[in-house]
Amino acid sequence: MASNSDTITLTTAQAIVRYLSAQFIEIDGEKARLCGGGFGIFGHGNVTCLGEAFYDYQDELPLYRGQNEQGMGFAAAAYAKAQLRRRFMFCSASAGPGTANLLTASALAHANRLPMLMLCGDTFITRLPDPVLQQLEHFGDPTFGVNDAFKAVTRFWDRITHPAQIIQSLPAAINTMLDPADCGPAFLGLPQDVQGWTYDYPLSFFEERTHRIRRQSADVEEITEAAAVLAGAKRPMIIAGGGVQYSGAVAELTAFAEATGIPVVETIAGRANLLDTHPLNIGPLGVTGSNSANAIAEKADVILSVGSRLQDFTTGSWTAFSQDAKIIGLNAARHDAAKHMSATIVGDAKLGLSALQGALGEYTSPDVWTKEAQSERAKWVSYVEDNTRLGNGPSSYAQAIGIVNAMCDPRDRVVAAAGGLPAEVTANWRTLDIGTVDVEFGFSCMGYEIAGGWGARIAQSEKEPEQDTIVFTGDGSYMLMNSDIYSSVLTQKKMIILVLDNGGFAVINKLQNNMGGESFNNLIADTPTATHQVGIDFEAHARAMGALAETVSSPSELGEAFARAKAADQTYVISMKVDPYEGWTKEGHTWWEVGTPHVSGKAKINAAHAEVESARSKQRKGV
């Protein structure tokens, strides 16, 4: 062990990379490198110093070359999600537009509470060459630049103005990313001159360290209070969020539900907490949920929310629950636990569920209530079976989902994000194994699908290389960001990508129509300025990036193509047209608050506004 007087002279960039390479984490009794590597696009703002430092640690911290910085960030977020927030990747971008391209990805990681470390170029701290290439000049504040925009979308932000600062800032960034309550993206702005400046760093700073995720025990009085509320419940319900998986609390959730007989519903982030066939899995909740979960949610008198931030798609903009229902919030984050004046249990889900079960004693949910919930679930299962059945109407998302669901391996990972597919996957996907679904609906970001699929496959290849990562994307998201098909081919990280083409932004067209508007500027066919109507050959485009690809004309052909994709050893893209008007999942929805015109000269818009407002009386107003 080095003494504090032993030093080594390194550049700032060299010290950052050396420190990252020495950080490990213990996962299920095994030690792994905390940072799984990173994604980088070099420019003048990061190639000379950070690039030089990365070069010497290629084995310890593999560097994946991105095609777009936003895609790199999406891939890093998906990697962290697949690793259950216990490992992260960094993203390195040059100063100016390269770094600015990471803003959307940072916001996605922030909204989803996912760790990601950004190491980004910045302007010269000396200001001697100012104004430099790609620098924004704020005449009244020369310290203010593009990188300051990240303050709104990060959990930790710092600009390194002296090499010694990383001795405090790097550990602080890592501690933030590993904190169950504060987890999120961290940003280090690295001025181009400071990256290359040297400092005599203590050798002890670079000694190997093994991290562990903190498990915060809940306050005994909070457990006692929550147990008293739950013990009086006649119609209890558990909301299982994504935090259940991050805590590693699936076994405790299952044991708690089975011991008490309390029905469980899942959030979008919490999909795959329970198997589809578990008798207490009553289905997904909310705007894009299930009739079964929503039916019991509106009758529940006590709701135990575990590891959920209770987003509007979960709560139906707070109309999904009875006005009189009591909420208990079990969450590592105080902010989430206390929402809507919940009785709080601030602490780890795994420990909190065990403690709450002990405090409940012999309490069980009334049998009549549990059976009612299971009856509702049986009806929903029948609906999904028919909704995904071939031949029940025009080609649809649900039919494609049903085909893939029936043919995939239970441990294959499914990725979806924006447009209509998150709702359709959430409602229709039958969970075959725990933790196998990634529907990014915290930021619902177009473009996450393929880039996120690449990051998820990188994580999957470390643990389960024999399985597949299956991406569902619409044509709109594909057109926004598809270049990581090429990344997956270059790096031999196979994905199966289903491009379900409905001719534009069909789900927003549906919303537009539902709110009384005429189809306008969403579907290509309804875009007045699209005067030359041409289709897109997604198969040819994917082949041009090195992927295997084919186009199918029906869901039955999709099944045959999917079998070929499973057998292939490289990224495989399957394109199929789906109907933009029919074939949507029509059941399983709650009210959702969207802004509507209070005055319009169009009768249909006025009628839609009146219909929206008529349901507002059910909305819980913060209590």
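The values are calculated or read from the model by the stated rules, or taken from the named source; none is laboratory data. None of the values given here were measured: they were computed from a predicted structure. Note that each Cβ is placed from the backbone with ideal geometry, even for glycine, and that neighbours are counted across all protein chains shown. For accessibility, only protein heavy atoms count, side chains too; no ligands or nucleic acids. Shrake-Rupley method; radii C 1.70, N 1.55, O 1.52, S 1.80 Å.
Can you tell me, using C-alpha contacts under 8 Å and at least 6 residues apart, the relative contact order of segment 229-387 as a whole percent? That works out to 28 percent.
So if we plug the beta-carbon distance of E258 and R616 into 1/(1 + (r/R0)^6) with R0 = 41 Å, what FRET efficiency do we get, rounded to 0.05? Could the numbers behind the result be given before it?
Working: r = 38 Å, r/R0 = 0.93.
About 0.60, to the nearest 0.05.
Using C-alpha pairs below 8 Å separated by at least 6 residues, the relative contact order for the chain is 13 percent. In this structure Y581 has an accessible area near 120 Å², from a 1.4 Å probe over the protein heavy atoms. DSSP beta bridges fully contained in the chain are about 15 percent antiparallel. Phi angles across segment 562-572 convert, under the Karplus curve 6.51 cos²θ - 1.76 cosθ + 1.60 with θ = phi - 60°, into 3J(HN,Hα) values of 5, 4, 5, 5, 4, 7, 6, 10, 9, 3, 10 Hz, Gly and Pro given as x. With the simple model of a label 7 Å out from the Cα in the direction of the Cβ, N175 to D312 spans 3.6 nm.
For segment 300-402, the solvent-accessible area with a 1.4 angstrom probe is 39 square angstrom per residue. The stretch between K463 and T277, if pulled fully straight at 0.36 nm per residue, gains 64.4 nm over its current Cα-Cα span.
Longest exposed-loop-site-free stretch of the chain, with GluC sites (Glu not before Pro), DSSP loop and at most 13 other Cβ within 10 Å? The segment 209-361 is the longest one with no such site. Dipole of the chain computed with +1 at Lys/Arg Cβ and -1 at Asp/Glu Cβ about the Cα centre; of G559, H541, V573, farthest Cα towards the positive end is G559. Between L523 and F505, the built amide H atoms are under 5 Å apart, and every one of these is 5 or more places off in sequence or on another chain.
Listed values for segment 183-199 are Karplus-derived 3J(HN,Hα) couplings in whole Hz (6.51 cos²θ - 1.76 cosθ + 1.60, θ = phi - 60°), namely 3, x, x, 10, 10, 10, x, 10, x, 4, 6, 5, 3, x, 5, 10, 8, and x replaces Gly and Pro. Charge dipole of segment 577-623 (Cα centre as origin; +1 on each Lys and Arg Cβ, -1 on each Asp and Glu Cβ, all else neutral): 200 debye, rounded to the nearest 20. Can you figure out the FRET efficiency of F139 with T48, using R₀ = 30 Å and their beta-carbon distance, to the nearest 0.05? That pair, F139 with T48, gives E of 0.55.
The loop-placed chymotrypsin sites (Phe, Trp or Tyr not before Pro) in segment 86-145, going by DSSP, that have at most 10 neighbouring Cβ atoms within 10 Å of their Cβ come out as F139. The Cα atoms of segment 61-200 cover 44, 34, 30 Å along the three principal axes, with the biggest extent listed first. Axis of helix 250-260 versus longest Cα principal axis of the chain: the two differ by about 30°, to the nearest ten degrees. Helix 166-178 and the longest principal axis of the Cα set of the chain meet at an angle near 10°.
In whole percent, and with a 1.4 Å probe on the protein chains, what portion of the accessible area of the chain is carbon and sulfur?
Details: 12930 of 24530 Å².
The computed percentage sits at 53.
The HN-Hα couplings worked out from phi for segment 402-415 by the Karplus form 6.51 cos²θ - 1.76 cosθ + 1.60 (θ = phi - 60°) are x, 4, 5, 4, 6, 9, 7, 7, x, 9, 4, 9, 10, 10 Hz, whole numbers, x standing for Gly and Pro. Rounded to the nearest 20 debye, the dipole size of the chain about its Cα centre is 780 debye, using +1 on the Cβ of Lys and Arg and -1 on the Cβ of Asp and Glu.
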